[in-house]
Amino acid sequence: MSLRGWRVYRRVRVGGAAIAWLVFLLLGLRVWPHAPLQEGLGTSTPLLARDGTLLRLTLAGDQQYRLWTPLDHIAPVLVDSALLYEDRAFWWHPGVNPLALVRSGLSMAQGGRRAGGSTVTMQLARRLYRIDSRTLAGKGQQIAFALWLEARYSKRDILEAYLNTAPYGGNIEGVGAASLIYFRHEAAKLTLPQALTLAVIPQNPVQRLATRTVVGQAAAGNMGIAQNAELEAARGRLWALWQVRYPESARQQGAEAMLRLPALSRGSLPFVAPHLTDMLIAQASQEGVRSADGAIHTTLDVPIQRTLERVIDAYLKARAGVGLRNASALLLDASTMEVRAVVGSAGYADAAIDGQFNGTLGKRSPGSTLKPFIYALALDQGLLHPRTMLKDAPTSFGPFTPENFDGQFVGPVAAQDALTRSRNIPAVSVAARLSQPNLYQYLKMNQVSRLESEAHYGLALVLGGGEVTPEELARMYAVLANEGQARPLAYTQEQARLSRAGPVQQLLSPAAAFITLDMLRQTPRPDTGSPAQPPVAWKTGTSWGFRDAWTAGVFGRHVLVVWVGDFEGASNPAFVGIDAAAPLFLRIVDALRAQRLDPGEMAHSQPADLRRVEVCSATGSLPDGLCPARAETWFIAGKSPIAASRLHQTVWVDASSGKRLCGSEAGSTPNARQVVVEQWGSEMQRLFRQSGLPRRTDECPNPTWDHAMTSITGDGVGATRSDGPAISSPLRGLRYMLDARHPQALLLRAEAAAGIKKIYWFAGDSLLGSGLPGESFAWTPPRPGDYTLRVVDESGRADARELHVDLLP
């Protein structure tokens with residue numbers, strides 16, 4: 001080899017080695033681990049309704065509207081438009097296009113229109129590294145960083161980052177945020193006219209976007225797409241390029257491509273269901289809230305939400321004269337447990353009512369809205385059926401002496417009527433009989449939060465002594481709608497998916513849930529006096545001191561809970577469930593049905609163990625031959641209590657005087673005849689007298705018939721038993737605290753069958769004294785210890801109760 005040839009060989013070899021090292025270096029830079037381009041860039045969170053409608057768009061941490069959108073989720077027409085307008089050589093240049101730079105420099109030197117020489121990569125470098133490219137040094141730095149980006153990232157990565165950081169006016173960055181703000185839909189749904197518009201904005205956003213007045217909003221800060229000459233000219237240039245590059249697409253679009261577009265803006269961004277979106281933004285880091293795409297896809301139904309807001313606003317304006325200023329409501333689809341509407345207050349921006357507080361999460365006294373679950377548990381535990389007769393009479397439960405809301409007592413009342421008329425005494429009596437679970441345990445099973453100990457509430461829990469949130473109450477009413485099954489509420493589609501895959505807890509039998517809803521459907525509307533048609537199962541509640549008015553219920557497949565009151569707990573006589581909350585509840589139901597937003601009842605089959613049976617109306621027991629009036633009721637096979645009615649008896653009376661005939665008088669009196677009478681116990685007789693409806697009391701002095709009566713006892717549940725006396729006070733299991741310095745008498749009371757005039761009280765074998773049935777007998781225990789209290793009637797029949805007396809420290 002000649003010397004010259006050797007030199008050429010060495011040059012080629014050195015050059016090849018250099019090229020090899022350069023390739024190796026570039027490959028090393030590409031495969032060496034490096035952070036993704038979006039690292040460090042905050043992102044906005046879009047909150048979307050169940051149909052994809054934008055509810056709210058949050059700001060990123062740096063106060064920018066920026067929504068990182070993968071390249072595959074951006075409409076191809078936008079990608080093609082941006083590259084056609086900004087960088088047609090993007091896919092082959094190394095980050096810098098020398099020809100474009102030279103062309104731009106010559107144009108500026110000749111005084112022509114400024115021609116952009118920056119590539120997409122150079123523009124990305126300027127924004128990522130905050131480079132001032134207006135100087136020669138800055139331009140050099142921009143070129144260096146562009147080459148650095150191309151060496152480390154793929155073209156797709158760079159293009160994706162550019163489209164997500166490009167300026168779209170004010171504090172709007174990236175096509176994801178721009179698409180939502182300007183066109184109210186995702187970047188994947190951009191049309192060609194929209195893509196042409198967005199593609200030309202980043203080159204000169206100040207001139208191509210203008211501050212304009214949006215209907216109903218102030219101009220300040222409403223940066224939007226304005227149809228100005230600069231924008232129209234830029235779109236025209238891009239459309240001309242598009243026609244050349246994509247002639248087929250241009251022929252399909254025709255003149256539509258240059259249609260004028262709506263001028264939407266940041267100022268017109270939606271702010272729907274603010275209480276719900278506030279809550280979900282605060283919970284965004286929790287499982288089931290944010291979806292894989294970074295958005296929060298809620299289960300909210302915008303038309304339903306708007307309806308609730310409109311009805312509540314109109315109702316409160318109409319009732320402002322009685323002090324009704326605030327309300328909350330939550331509506332869910334029980335079939336999916338997805339929340340469809342949340343109204344946390346009557347006005348989010350109204351500071352006078354603490355409007356930003358979400359009332360659906362606030363703990364309040366529920367009043368009587370828990371009563372349906374007492375009856376549902378009693379149905380399951382075999383304590384009653386809908387026609388079981390309960391006692392509505394003055395009753396003490398140890399130190400707790402509840403009263404009815406109206407201060408009156410109606411005497412015997414069927415369980416169904418006791419529930420729909422919201423009678424307190426029967427409800428407390430039934431609750432006192434519950435076991436495993438009782439009401440407190442049932443609330444715990446329903447995950448009612450922040451409950452005190454069971455002893456803290458006692459039986460007062462029945463009448464709203466505890467506190468629940470509207471959300472918790474809605475979840476419990478959904479148990480009735482879902483055949484006794486409990487599932488968590490879902491505010492997002494991800495939560496709904498997790499709920500469907502999760503376990504289901506059976507808290508009530510399907511039969512008990514079915515009957516309870518059926519009883520609630522008999523509640524008459526306050527405006528018509530008749531049950532709602534189509535049916536609505538609903539219950540009202542009023543808290544102690546008139547601080548909260550409630551109505552909760554089930555209609556179609558929806559559960560709705562309405563609260564009216566004051567967040568600060570101020571008392572108002574107008575805060576009565578039936579007067580303040582029920583009309584609002586029913587107006588919402590009527591409005592949703594009028595707009596066909598209620599899809600109707602869920603498909604449920606009648607539980608297999610449910611039957612319809614005929615009972616005696618006066619007793620709720622199986623009718624005998626003397627029962628004058630009968631009715632049908634639901635009956636759970638193997639659970640519901642049922643026995644023959646023995647309330648009615650035949651007696652002989654003098655037809656002319658109506659006087660009762662006893663013994664031989666019945667056979668010797670010529671005009672004697674038999675009549676059917678009701679044999680009520682002493683307490684019911686007294687209650688009937690007080691109500692102006694006395695029953696016959698002219699009993700024979702020594703009754704010889706062997707009868708049993710249907711007693712309505714202090715326990716509140718009618719059951720057929722012998723007509724012996726029944727102790728109603730003290731309660732079973734009571735521990736009496738004796739103050740040795742100031743002993744207080746313990747009041748003993750017992751009821752007796754019809755005709756019994758006197759009863760006798762014993763402590764062990766010691767006679768304490770005698771008294772009248774149904775009246776209190778005062779006794780002071782002489783010392784601490786265990787006592788067996790007995791009551792004996794005139795016929796020798798007795799009842800007993802154990803009592804433990806402790807000495808007060």
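The values are calculated or read from the model by the stated rules, or taken from the named source; none is laboratory data. As the structure is a computational prediction, the values presented were derived from the model and not from experiment. Glycine gets a Cβ as well: all are built from the backbone with ideal geometry, and neighbour counts include every protein chain shown. Surface accessibility is based on the protein's heavy atoms, side chains included, excluding ligands, DNA and RNA. Shrake-Rupley method; radii C 1.70, N 1.55, O 1.52, S 1.80 Å.
Tabulated data for the structure shown
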item: Residue in the stretch 375-390 that is of a type in the set (Val, Ile, Thr) and either without any contact (Cβ under 8 Å) to a residue 60 or more places away in the chain or within 30 Å of Ala726 (Cβ to Cβ) (or both) present; result: yes
item: Wholly within the stretch 524-631, strands (runs of 3 or more DSSP E) carrying at least 1 residues that are more than 24 Å from Ile374 (Cβ to Cβ) and in contact with a Lys or Arg (Cβ under 9 Å, 6 or more places away or on another chain); result: 610-616
item: In the stretch 367-382, the residues that are open to solvent by 10 Å² or more (accessible area, probe 1.4 Å) and under 22 Å from the mean Cα position of the chain (by Cα); result: Ser368
item: Residue identified as aromatic (Phe, Trp, Tyr) and open to solvent by 10 Å² or more (accessible area, probe 1.4 Å) among Tyr315, Tyr348; result: Tyr348
item: The stretch 347-370, residues that are part of a helix (DSSP H, G or I) and closer than 30 Å to Thr523 by Cα; result: Gly359, Thr360, Leu361, Gly367, Ser368, Thr369, Leu370
item: Residues located in the stretch 116-141, provided they are closer than 27 Å to Pro70 by Cβ and either of a type in the set (Val, Ile, Thr) or surrounded by fewer than 22 Cβ atoms within 10 Å (Cβ to Cβ) (or both); result: Gly116, Thr119, Val120, Thr121, Arg126, Arg127, Leu128, Tyr129, Arg130, Ile131
item: Flag for Arg130 being among the basic types (Lys, Arg), part of a helix (DSSP H, G or I) and modelled with pLDDT of 85 or more; result: no
item: Yes/no for Gly663 being assigned to a loop (DSSP other than H, G, I, E, B), at pLDDT below 75 and open to solvent by 40 Å² or more (accessible area, probe 1.4 Å); result: yes
item: Qualifying residue in the stretch 409-430 (condition: without any contact (Cβ under 8 Å) to a residue 12 or more places away in the chain and either touching a strand residue (DSSP E or B) at 6+ places or on another chain (Cβ under 7 Å) or of a type outside the set (Val, Ile, Thr) (or both)); result: yes
item: Count - residues of the stretch 502-523 that are over 19 Å from Met445 (Cα atoms) and in a loop (DSSP other than H, G, I, E, B); result: 3
item: Only one of Leu159, Leu198 that is among the hydrophobic types (A, V, I, L, M, F, W, C) and under 22 Å from Pro270 (Cβ atoms); result: Leu198
item: The one condition in (1) in contact (Cβ under 8 Å) with a residue 40 or more places away in the chain; (2) over 14 Å from Pro372 (Cα atoms) that Leu434 fails to fulfil; result: (2)
item: Unique match (being in contact with a Ser or Thr (Cβ under 6 Å, 6 or more places away or on another chain) and among the aliphatic types (A, V, I, L, M)) among Ala513, Ala415; result: Ala415
item: Test for Leu331: is it outside any helix (DSSP H, G or I), open to solvent by less than 70 Å² (accessible area, probe 1.4 Å) and either over 27 Å from Trp550 (Cα atoms) or in contact with a helix residue (DSSP H, G or I) (Cβ under 7 Å, 6 or more places away or on another chain) (or both); result: yes
item: Residue list for the stretch 452-472, filter: hydroxyl-bearing (Ser, Thr, Tyr) and either surrounded by 21 or more Cβ atoms within 10 Å (Cβ to Cβ) or touching a Ser or Thr at 6+ places or on another chain (Cβ under 8 Å) (or both); result: Thr469
item: Residue check for Leu738: in contact with a Lys or Arg (Cβ under 6 Å, 6 or more places away or on another chain), open to solvent by less than 20 Å² (accessible area, probe 1.4 Å), touching a residue at least 60 places away in the same chain (Cβ under 8 Å) and farther than 30 Å from Gln649 by Cα; result: no
item: Gly600, sole failed condition from (1) open to solvent by 10 Å² or more (accessible area, probe 1.4 Å); (2) farther than 19 Å from Asp333 by Cα; (3) modelled with pLDDT under 95; result: (2)
item: Residues that are at pLDDT 60 or above and touching a helix residue (DSSP H, G or I) at 6+ places or on another chain (Cβ under 7 Å), drawn from the stretch 103-127; result: Gly117, Thr119, Val120, Thr121, Met122, Gln123, Leu124, Ala125, Arg126, Arg127
item: Ser154 being polar (S, T, N, Q) and surrounded by 20 or more Cβ atoms within 10 Å (Cβ to Cβ); result: no
item: Positions within the stretch 746-757 being outside any loop (DSSP other than H, G, I, E, B), more than 17 Å from Val805 (Cα to Cα) and either among the acidic types (Asp, Glu) or open to solvent by 30 Å² or more (accessible area, probe 1.4 Å) (or both), in sequence order; result: Arg749, Glu751
item: Complete set of residues in the stretch 55-80 that are under 17 Å from Ile172 (Cα atoms) and touching a Pro at 6+ places or on another chain (Cβ under 7 Å); result: Arg56, Leu57, Leu67
item: Residues of the stretch 473-529 classified as touching a strand residue (DSSP E or B) at 6+ places or on another chain (Cβ under 8 Å), surrounded by fewer than 18 Cβ atoms within 10 Å (Cβ to Cβ) and charged (D, E, K, R), total; result: 2
item: Counted residues, the stretch 292-309 - those being open to solvent by 30 Å² or more (accessible area, probe 1.4 Å) and more than 19 Å from the chain's Cα centre (by Cα); result: 2
item: Any hit, the stretch 619-632, residues being modelled with pLDDT of 80 or more and under 30 Å from His558 (Cα atoms); result: yes
item: Residue list for the stretch 169-209, restricted to those being assigned to a loop (DSSP other than H, G, I, E, B) and closer than 17 Å to Gln38 by Cβ; result: none
item: Strands (runs of 3 or more DSSP E) contained in the stretch 758-809 and holding at least 2 residues charged (D, E, K, R); result: 785-793, 798-807
item: Any pair with Cβ under 7 angstrom, 6 or more apart, that starts in the stretch 181-205 at a residue that is surrounded by fewer than 20 Cβ atoms within 10 Å (Cβ to Cβ) and ends at one that is at pLDDT 90 or above and β-branched (Val, Ile, Thr); result: Ala188/Ile74
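Residues are listed down the side, and each one gets a yes or a no for (1) more than 54 Å from the chain's Cα centre (by Cα); (2) among the hydroxyl-bearing types (Ser, Thr, Tyr); (3) open to solvent by less than 60 Å² (accessible area, probe 1.4 Å):
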{"position": "Trp761", "(1), (2), (3)": "no, no, yes"}
{"position": "Asp765", "(1), (2), (3)": "yes, no, no"}
{"position": "Ser770", "(1), (2), (3)": "yes, yes, yes"}
{"position": "Ser776", "(1), (2), (3)": "no, yes, no"}
{"position": "Leu789", "(1), (2), (3)": "no, no, yes"}
{"position": "Glu794", "(1), (2), (3)": "yes, no, no"}
{"position": "Asp799", "(1), (2), (3)": "no, no, yes"}
